[in-house]
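What follows is a structure written as C-alpha coordinates; I'll ask about it next.
The values are calculated or read from the model by the stated rules, or taken from the named source; none is laboratory data. Predicted model, so just to flag it, every value in this text is computed and none were measured. Every residue, glycine as well, gets a Cβ built from its backbone with ideal geometry; the counts of neighbours run over all protein chains shown.
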Amino acid sequence: MRILRPSLIKRRAILGGTAALVAAPFVMRVREPMAAATNTQKARTHLTQPAAAAEAHYNNLTLWDDFDTVETIDVNGTQKAGFNWWPFGWPTHANPGSPAPLSPGHLVVANSVVTIGTERGAKINSRMFPSDYSTVSTGIGRTFSNGFYCEVKMQWNPNDGQKRAGSWWPSVWFWEEQYALEQAQTTKYGPYEPLRAELDLWEAPFPTDKPGTITPCSTHQWTDSYSQPYGTTGNVNGNLIDYTRFNRYGLRWIPMAKNHGTGRLDWYFNDAHLPVAPGPSVTYTAKDRLAATDNGNYILLIGTPGRWPLRVDSVMIWQ
(Lines give C-alpha, C1' and ligand atoms only; values in the text may rest on other atoms or scores of the structure.)
Protein backbone atom coordinates (compact mmCIF):
# COMPACT_ATOMS: atom_id res chain seq x y z
CA MET A 1 0.00 0.00 0.00
CA ARG A 2 1.25 3.45 -0.82
CA ILE A 3 2.29 5.46 2.26
CA LEU A 4 2.55 9.22 1.95
CA ARG A 5 5.42 10.71 3.90
CA PRO A 6 8.05 13.24 2.83
CA SER A 7 11.02 11.02 3.62
CA LEU A 8 10.00 8.37 1.11
CA ILE A 9 12.78 7.79 -1.41
CA LYS A 10 11.85 6.09 -4.65
CA ARG A 11 14.41 4.32 -6.76
CA ARG A 12 14.53 1.80 -9.54
CA ALA A 13 16.82 -1.19 -9.73
CA ILE A 14 18.61 -2.45 -12.81
CA LEU A 15 16.95 -5.76 -13.43
CA GLY A 16 18.11 -8.86 -15.19
CA GLY A 17 16.31 -11.04 -17.68
CA THR A 18 13.39 -13.35 -17.14
CA ALA A 19 13.05 -17.08 -17.55
CA ALA A 20 10.40 -18.67 -19.70
CA LEU A 21 7.80 -20.70 -17.84
CA VAL A 22 5.54 -23.02 -19.81
CA ALA A 23 2.91 -25.41 -18.51
CA ALA A 24 -0.69 -26.24 -19.31
CA PRO A 25 -3.45 -25.17 -16.91
CA PHE A 26 -5.69 -27.84 -15.45
CA VAL A 27 -9.02 -28.00 -13.63
CA MET A 28 -8.77 -28.76 -9.93
CA ARG A 29 -11.60 -30.38 -7.99
CA VAL A 30 -12.27 -28.55 -4.74
CA ARG A 31 -14.31 -30.55 -2.27
CA GLU A 32 -14.84 -27.84 0.33
CA PRO A 33 -13.75 -24.19 0.71
CA MET A 34 -10.76 -23.67 2.98
CA ALA A 35 -12.21 -22.18 6.13
CA ALA A 36 -13.50 -23.11 9.57
CA ALA A 37 -15.22 -26.45 10.09
CA THR A 38 -18.50 -24.58 10.61
CA ASN A 39 -18.23 -22.79 7.27
CA THR A 40 -21.44 -23.18 5.26
CA GLN A 41 -20.08 -21.93 1.95
CA LYS A 42 -21.31 -23.88 -1.04
CA ALA A 43 -18.71 -26.30 -2.33
CA ARG A 44 -17.19 -25.41 -5.68
CA THR A 45 -17.18 -28.66 -7.59
CA HIS A 46 -14.79 -27.32 -10.22
CA LEU A 47 -12.43 -24.40 -9.99
CA THR A 48 -10.22 -23.63 -12.96
CA GLN A 49 -6.59 -23.00 -12.17
CA PRO A 50 -5.42 -19.65 -13.65
CA ALA A 51 -2.80 -19.95 -16.37
CA ALA A 52 -0.39 -17.74 -14.41
CA ALA A 53 -0.47 -20.24 -11.53
CA ALA A 54 -0.10 -23.25 -13.81
CA GLU A 55 2.90 -21.75 -15.62
CA ALA A 56 4.73 -21.49 -12.30
CA HIS A 57 3.58 -24.98 -11.24
CA TYR A 58 1.54 -23.53 -8.39
CA ASN A 59 -0.98 -26.37 -8.25
CA ASN A 60 -2.17 -26.21 -4.62
CA LEU A 61 -5.10 -23.96 -3.76
CA THR A 62 -4.09 -22.79 -0.28
CA LEU A 63 -6.73 -20.05 0.16
CA TRP A 64 -10.17 -19.79 -1.40
CA ASP A 65 -13.08 -17.64 -0.26
CA ASP A 66 -16.10 -16.59 -2.30
CA PHE A 67 -17.83 -14.89 0.66
CA ASP A 68 -21.03 -16.89 0.51
CA THR A 69 -21.17 -16.45 4.27
CA VAL A 70 -19.87 -14.06 6.88
CA GLU A 71 -18.67 -17.05 8.93
CA THR A 72 -15.18 -16.90 7.40
CA ILE A 73 -14.65 -13.40 8.91
CA ASP A 74 -14.12 -12.65 12.61
CA VAL A 75 -16.74 -9.91 12.61
CA ASN A 76 -17.20 -10.07 16.39
CA GLY A 77 -13.53 -9.47 17.18
CA THR A 78 -13.03 -12.76 19.01
CA GLN A 79 -9.33 -12.90 18.04
CA LYS A 80 -9.70 -16.68 17.83
CA ALA A 81 -8.62 -19.17 15.20
CA GLY A 82 -10.98 -20.80 12.71
CA PHE A 83 -11.54 -17.94 10.25
CA ASN A 84 -10.09 -16.89 6.91
CA TRP A 85 -10.04 -13.20 7.87
CA TRP A 86 -9.55 -10.97 10.89
CA PRO A 87 -10.80 -7.42 10.24
CA PHE A 88 -8.73 -5.75 12.92
CA GLY A 89 -5.25 -7.01 12.15
CA TRP A 90 -3.25 -6.63 15.34
CA PRO A 91 -2.86 -4.26 18.30
CA THR A 92 -0.54 -1.29 17.91
CA HIS A 93 1.26 1.05 20.28
CA ALA A 94 -1.69 3.43 19.92
CA ASN A 95 -4.42 0.79 20.33
CA PRO A 96 -3.16 -2.09 22.49
CA GLY A 97 -6.55 -3.45 23.57
CA SER A 98 -9.00 -5.88 22.07
CA PRO A 99 -11.18 -4.61 19.20
CA ALA A 100 -14.90 -3.97 19.39
CA PRO A 101 -17.26 -5.86 17.07
CA LEU A 102 -17.67 -4.54 13.55
CA SER A 103 -20.56 -2.32 12.51
CA PRO A 104 -22.30 -2.50 9.11
CA GLY A 105 -20.44 0.70 8.24
CA HIS A 106 -17.18 -1.25 8.38
CA LEU A 107 -18.10 -4.43 6.52
CA VAL A 108 -21.15 -6.21 5.10
CA VAL A 109 -21.45 -9.64 3.48
CA ALA A 110 -24.42 -10.05 1.12
CA ASN A 111 -25.08 -11.77 -2.20
CA SER A 112 -21.71 -13.59 -2.05
CA VAL A 113 -19.80 -10.28 -1.89
CA VAL A 114 -18.04 -8.62 1.04
CA THR A 115 -18.33 -4.83 0.94
CA ILE A 116 -15.64 -3.08 2.99
CA GLY A 117 -15.62 0.56 4.07
CA THR A 118 -19.14 1.77 3.29
CA GLU A 119 -18.92 4.41 6.01
CA ARG A 120 -15.82 3.59 8.07
CA GLY A 121 -12.33 2.54 7.07
CA ALA A 122 -11.70 -1.18 7.45
CA LYS A 123 -9.50 -4.02 6.28
CA ILE A 124 -9.46 -7.79 6.44
CA ASN A 125 -6.25 -9.73 7.05
CA SER A 126 -5.24 -13.37 6.65
CA ARG A 127 -3.39 -13.31 10.00
CA MET A 128 -4.08 -11.92 13.46
CA PHE A 129 -1.73 -11.03 16.32
CA PRO A 130 -3.70 -11.26 19.60
CA SER A 131 -3.42 -8.62 22.31
CA ASP A 132 -0.63 -10.45 24.11
CA TYR A 133 1.63 -10.40 21.06
CA SER A 134 5.37 -10.35 21.48
CA THR A 135 6.67 -12.33 18.51
CA VAL A 136 5.20 -13.56 15.25
CA SER A 137 4.75 -16.97 16.89
CA THR A 138 1.78 -15.58 18.84
CA GLY A 139 -0.21 -15.00 15.66
CA ILE A 140 -3.07 -17.05 14.29
CA GLY A 141 -4.22 -17.51 10.72
CA ARG A 142 -2.32 -17.82 7.45
CA THR A 143 0.86 -16.45 5.99
CA PHE A 144 2.22 -17.23 2.53
CA SER A 145 5.86 -17.91 1.68
CA ASN A 146 8.09 -19.44 -0.98
CA GLY A 147 6.05 -18.08 -3.89
CA PHE A 148 2.38 -17.82 -4.83
CA TYR A 149 -0.19 -16.61 -7.31
CA CYS A 150 -2.92 -14.46 -5.72
CA GLU A 151 -6.07 -13.39 -7.54
CA VAL A 152 -8.78 -11.09 -6.18
CA LYS A 153 -12.05 -10.40 -8.00
CA MET A 154 -13.29 -6.99 -6.92
CA GLN A 155 -15.03 -3.77 -7.87
CA TRP A 156 -15.07 -0.11 -6.81
CA ASN A 157 -15.94 3.30 -8.20
CA PRO A 158 -13.00 5.74 -8.60
CA ASN A 159 -15.40 8.68 -8.21
CA ASP A 160 -16.13 7.60 -4.65
CA GLY A 161 -12.59 8.72 -3.83
CA GLN A 162 -13.87 12.29 -3.74
CA LYS A 163 -15.88 11.35 -0.64
CA ARG A 164 -13.33 9.17 1.12
CA ALA A 165 -12.83 9.47 4.87
CA GLY A 166 -9.07 9.04 5.09
CA SER A 167 -5.77 9.65 3.33
CA TRP A 168 -5.49 6.21 1.74
CA TRP A 169 -7.37 4.26 -0.96
CA PRO A 170 -8.75 0.79 -1.76
CA SER A 171 -5.79 -1.60 -1.85
CA VAL A 172 -4.75 -5.25 -1.84
CA TRP A 173 -1.25 -5.89 -0.52
CA PHE A 174 1.08 -8.31 1.28
CA TRP A 175 3.16 -7.43 4.31
CA GLU A 176 5.99 -9.58 5.59
CA GLU A 177 4.74 -10.60 9.03
CA GLN A 178 7.79 -9.48 10.98
CA TYR A 179 7.49 -6.05 9.35
CA ALA A 180 3.83 -5.90 10.40
CA LEU A 181 4.69 -6.86 13.95
CA GLU A 182 7.52 -4.33 14.18
CA GLN A 183 5.11 -1.60 13.08
CA ALA A 184 2.83 -2.61 15.94
CA GLN A 185 5.68 -2.47 18.44
CA THR A 186 7.13 0.91 17.52
CA THR A 187 5.91 4.48 17.08
CA LYS A 188 7.94 5.07 13.92
CA TYR A 189 8.90 3.35 10.70
CA GLY A 190 12.04 1.25 10.85
CA PRO A 191 14.84 0.75 10.78
CA TYR A 192 14.05 -2.76 9.61
CA GLU A 193 17.04 -5.05 9.55
CA PRO A 194 17.12 -7.25 7.67
CA LEU A 195 15.04 -5.52 5.01
CA ARG A 196 11.28 -6.06 5.16
CA ALA A 197 9.14 -6.42 2.07
CA GLU A 198 5.73 -5.21 0.94
CA LEU A 199 4.13 -6.54 -2.24
CA ASP A 200 1.26 -4.46 -3.62
CA LEU A 201 -1.14 -6.46 -5.74
CA TRP A 202 -3.32 -3.46 -6.65
CA GLU A 203 -4.19 0.08 -5.63
CA ALA A 204 -7.24 2.06 -6.67
CA PRO A 205 -6.94 5.07 -8.97
CA PHE A 206 -7.97 8.49 -7.75
CA PRO A 207 -10.74 10.43 -9.51
CA THR A 208 -8.04 12.76 -10.89
CA ASP A 209 -6.23 9.88 -12.65
CA LYS A 210 -6.68 9.36 -16.37
CA PRO A 211 -9.95 7.45 -16.88
CA GLY A 212 -9.48 3.73 -17.35
CA THR A 213 -5.78 3.63 -16.50
CA ILE A 214 -4.10 0.91 -14.53
CA THR A 215 -2.85 2.03 -11.15
CA PRO A 216 0.59 1.23 -9.72
CA CYS A 217 1.41 -2.35 -8.90
CA SER A 218 4.55 -2.23 -6.83
CA THR A 219 6.97 -3.82 -4.43
CA HIS A 220 8.77 -2.08 -1.58
CA GLN A 221 11.79 -2.90 0.54
CA TRP A 222 11.37 -0.94 3.73
CA THR A 223 14.21 0.43 5.82
CA ASP A 224 14.04 3.63 7.82
CA SER A 225 12.97 5.71 4.82
CA TYR A 226 13.57 3.65 1.72
CA SER A 227 11.11 2.21 -0.76
CA GLN A 228 11.76 0.57 -4.09
CA PRO A 229 8.57 0.89 -6.15
CA TYR A 230 7.67 -0.44 -9.56
CA GLY A 231 4.47 0.53 -11.26
CA THR A 232 2.46 0.42 -14.41
CA THR A 233 0.05 2.95 -15.83
CA GLY A 234 -1.75 2.36 -19.10
CA ASN A 235 -4.64 0.65 -20.79
CA VAL A 236 -5.25 -3.09 -20.96
CA ASN A 237 -5.11 -4.26 -24.57
CA GLY A 238 -5.83 -0.70 -25.66
CA ASN A 239 -9.22 -0.63 -23.92
CA LEU A 240 -10.32 1.62 -21.10
CA ILE A 241 -10.95 -0.19 -17.83
CA ASP A 242 -14.38 -0.08 -16.19
CA TYR A 243 -13.57 -0.35 -12.50
CA THR A 244 -17.27 -0.34 -11.61
CA ARG A 245 -17.48 -3.90 -12.98
CA PHE A 246 -16.00 -6.90 -11.21
CA ASN A 247 -12.51 -7.57 -12.58
CA ARG A 248 -9.82 -10.06 -11.60
CA TYR A 249 -6.48 -8.70 -10.36
CA GLY A 250 -3.50 -11.01 -9.92
CA LEU A 251 0.04 -11.06 -8.54
CA ARG A 252 2.52 -13.87 -9.10
CA TRP A 253 5.71 -14.15 -7.06
CA ILE A 254 8.39 -16.68 -8.03
CA PRO A 255 11.38 -16.77 -5.61
CA MET A 256 14.95 -17.04 -6.85
CA ALA A 257 15.25 -20.68 -5.76
CA LYS A 258 12.37 -21.65 -8.06
CA ASN A 259 13.58 -19.75 -11.12
CA HIS A 260 17.28 -20.58 -11.59
CA GLY A 261 18.51 -17.80 -9.28
CA THR A 262 16.27 -15.00 -10.63
CA GLY A 263 13.28 -13.92 -8.58
CA ARG A 264 10.28 -12.65 -10.49
CA LEU A 265 7.10 -10.64 -9.87
CA ASP A 266 4.26 -10.38 -12.42
CA TRP A 267 0.91 -8.59 -12.30
CA TYR A 268 -2.28 -9.55 -14.16
CA PHE A 269 -5.63 -8.01 -15.06
CA ASN A 270 -8.37 -10.45 -16.17
CA ASP A 271 -5.62 -12.92 -17.11
CA ALA A 272 -3.74 -10.33 -19.20
CA HIS A 273 -0.10 -9.90 -18.17
CA LEU A 274 0.77 -6.31 -17.26
CA PRO A 275 4.23 -5.00 -18.19
CA VAL A 276 5.94 -2.95 -15.49
CA ALA A 277 8.77 -0.49 -16.05
CA PRO A 278 11.40 -1.34 -17.06
CA GLY A 279 9.46 -4.56 -17.72
CA PRO A 280 8.04 -6.85 -18.76
CA SER A 281 8.42 -8.31 -15.24
CA VAL A 282 10.15 -7.25 -12.05
CA THR A 283 13.16 -9.52 -11.61
CA TYR A 284 15.97 -9.68 -9.07
CA THR A 285 19.00 -11.75 -8.12
CA ALA A 286 20.84 -12.32 -4.85
CA LYS A 287 22.87 -9.12 -5.26
CA ASP A 288 19.77 -6.89 -5.47
CA ARG A 289 17.92 -5.24 -2.60
CA LEU A 290 14.76 -6.97 -3.80
CA ALA A 291 16.33 -10.30 -2.87
CA ALA A 292 14.90 -9.65 0.62
CA THR A 293 11.52 -10.48 -0.90
CA ASP A 294 12.40 -14.17 -0.63
CA ASN A 295 13.01 -14.06 3.12
CA GLY A 296 9.52 -13.57 4.47
CA ASN A 297 6.15 -14.99 5.38
CA TYR A 298 3.46 -12.72 3.95
CA ILE A 299 0.12 -11.59 5.35
CA LEU A 300 -2.60 -10.75 2.81
CA LEU A 301 -4.48 -7.51 3.54
CA ILE A 302 -7.49 -6.01 1.75
CA GLY A 303 -8.70 -2.60 2.86
CA THR A 304 -10.20 0.77 2.06
CA PRO A 305 -10.95 4.07 3.82
CA GLY A 306 -14.48 4.96 4.85
CA ARG A 307 -16.97 6.13 2.21
CA TRP A 308 -14.93 4.57 -0.60
CA PRO A 309 -16.40 1.06 -0.57
CA LEU A 310 -14.48 -1.89 -1.98
CA ARG A 311 -16.53 -4.93 -3.03
CA VAL A 312 -14.75 -8.28 -3.13
CA ASP A 313 -16.34 -11.29 -4.83
CA SER A 314 -13.60 -13.88 -4.30
CA VAL A 315 -9.98 -14.42 -3.26
CA MET A 316 -7.71 -17.31 -4.23
CA ILE A 317 -4.05 -18.13 -3.59
CA TRP A 318 -2.22 -20.94 -5.40
CA GLN A 319 1.17 -22.25 -4.28
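Please identify the pairs in which a residue from the range 290-319 that is assigned to a helix (DSSP H, G or I) has its Cβ atom under 6 Å from the Cβ atom of a residue that is among the hydrophobic types (A, V, I, L, M, F, W, C), counting only partners at least 6 apart or on another chain.
A292/L195; A292/A197; T293/A197; D294/M256
Are any residues in the range 303-314 surrounded by fewer than 24 Cβ atoms within 10 Å (Cβ to Cβ) and under 12 Å from M154 (Cα atoms), and if so, which ones?
Residues satisfying the conditions are G303, P309, R311, D313, S314.
Which residues, taken from the range 268-289, are surrounded by fewer than 17 Cβ atoms within 10 Å (Cβ to Cβ), among the aliphatic types (A, V, I, L, M) and either modelled with pLDDT under 80 or not in a strand (DSSP E or B) (or both)?
Passing the criteria: A277, A286.
Now a separate question. Evaluate the range 54-74: report whether one residue or more is buried (at least 19 other Cβ atoms within 10 Å of the Cβ) and modelled with pLDDT under 50.
Within the range 54-74, not a single residue is buried (at least 19 other Cβ atoms within 10 Å of the Cβ) and modelled with pLDDT under 50.
Counting only residues that are surrounded by fewer than 22 Cβ atoms within 10 Å (Cβ to Cβ) and touching a strand residue (DSSP E or B) at 6+ places or on another chain (Cβ under 7 Å), how many does the range 250-264 have?
3
Which one of R264, R307, R252 is among the basic types (K, R) and closer than 23 Å to V114 by Cβ?
Matching residue, one of R264, R307, R252: R307.
Scan the range 243-273 for residues that are aliphatic (A, V, I, L, M) and touching a helix residue (DSSP H, G or I) at 6+ places or on another chain (Cβ under 8 Å) and jot them down.
The answer is M256, A257, L265.
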